[in-house]
Amino acid sequence: MGGVTSSIAAKFAFFPPNPPSYRVVEDESCGGRLYIPEVPRRDDVDVLKLRTRRGNDIVAVHIKHPKASATLLYSHGNAADLGQMFELFVELCNRLRVNLMGYDEVLMIEDGEYKEKNRNSGVAVKESYADLYDYSGYGQSTGKPTECNTYADIDAAYKCLKEQYGVKDEQLILYGQSVGSGPTVDLASRLPNLRGVVLHSPILSGMRVLYPVKRTYWFDIYKNIDKIGAVNCQVLVIHGTSDEVVDCSHGKQLWELCKNKYDPLWVNGGGHCNLELYPEFIRHLKKFVMSLNKSKTATTNGSETKTVVSSDNQSKPSDGGTSDTFELAADIPEVSRNSLDSRLEKSKKSNKPEKSRMSTDRVDRFRRKKGLVW
């Protein structure tokens, strides 16, 4: 029973866009350098293919910022891929002054057809580096999207950052959105010297999204509730108060369990897929990144306090000339969130499912009705 339930929970957790929103192409005129035709070509962006320890190939994107002081490794949610998230990652890289890495799964072309493999999205910022990756089974990544594969995916992105870009743990900020909080918390629990962690609309565990269970079962997936206490660095939790996919109580409970808390952000009226559009989102995120720089300096000078860190005057507008509102291209929110919003609309109209929803032959139908996008 446990194995069946775990398999069903995994089916609810992953919604790879079909078809993928992008392709990966080799430019023979540039020595076989990879690029994504669907997004603007930039000199500060590297497109990579990484092999994971489970034998899958994932696509990663590394975005450089000229004044970066940290690297952000971003693990995205379950219903988007690298092509859909790219513009947001560029914006985060610029606004936070970090290098950012994100990763996605690789699609293989065979007999004229795309074959999905693995994808995992993760953004890495070297205090201004962004690393983005797709999970196995997403975008152009190979393999199937499973819990174990996503752990291997983020490990491959992390290894690339260390070996190819020279990123140290003290420079690395892990960012996990929705189901991406699973691989993020897992990696953070194994790395004691990280710069920081951001959990964006995180989940307590896979089963707790489906049922209000009071204990962790062995067949559960993404057991963040049991791992968060092993994270040593400062943790920022951001969650919308009107999230109808992952209730805000998930974020609040995880924050309570953190041993090195940063002042959380509960976005009033925010949903599951639109928090980036609220001015307080980028404002609070920027203050967190800045506070990590200050705390690093304090630790270097011999001060090492593990307490709740509050952001000063978070409700005040920033004094600088830069706006705190994300001004993405007009088409970006629709491109990256169309499928998510449509599922959310359906979830508002659907009644609660009956207990028989756990029957394996009804999983796909229930998933479409509920619009579960973690």
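The values are calculated or read from the model by the stated rules, or taken from the named source; none is laboratory data. Worth saying up front: this structure is predicted, and the values here are computed from it rather than measured. Don't worry about glycine lacking a Cβ; one is built from the backbone with ideal geometry, like all the others, and counts go over all protein chains shown. Heavy atoms of the whole protein, side chains included, go into the accessibility calculation; ligands, DNA and RNA do not. Shrake-Rupley method; radii C 1.70, N 1.55, O 1.52, S 1.80 Å.
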* At 0.36 nm per residue, minus the direct Cα-Cα distance, what do Ala230 and Arg51 gain on full extension? Give it in nm, one decimal, please. => 61.7 nm
* For Arg23, Arg97, Arg51, write out the residues from largest to smallest accessible area, computed with a 1.4 angstrom probe and no ligands counted. => Arg51, Arg97, Arg23
* When all protein chains stay in place, what accessible area (Å², nearest 10, 1.4 Å probe) is found for Ser249? -> 60 Å²
* Can you put Tyr158, Tyr74, Tyr278, Tyr217 in order of accessible area, largest first, using a 1.4 Å probe? -> Tyr217, Tyr278, Tyr158, Tyr74
* **Extension gain, Tyr211 back to Arg41 (0.36 nm per residue minus Cα-Cα distance, nm)** => 56.8 nm
* Among 33-43, 171-181, 205-215, 231-241, what's the highest-first ranking by average C-beta atoms within 10 angstrom per residue? -> 171-181, 231-241, 205-215, 33-43
* So for the pair Trp218, Arg33, with labels modelled 7 Å out along Cα→Cβ, what separation do we get in nm? -> 5.2 nm
* Entries in Lys252/Lys286; Lys67/Lys223; Lys214/Lys259; Lys64/Lys294 that, when Cα-Cα distance is taken, lie over 25 Å -> Lys67/Lys223
* **C-alpha center-to-center spacing [segment 22-51, segment 57-87] in angstrom** => 14 Å
* Could you work out how far apart the two model spin labels at Asn193 and Leu277 are, taking each label as a point 7 Å from the Cα in the direction of the beta carbon, and quote it in nm? => 4.2 nm
* To do: Run the quick spin-label model on Asn94 and Asp169: label points 7 Å from Cα toward the beta carbon, then report their separation in nm to one decimal.
  => 3.5 nm
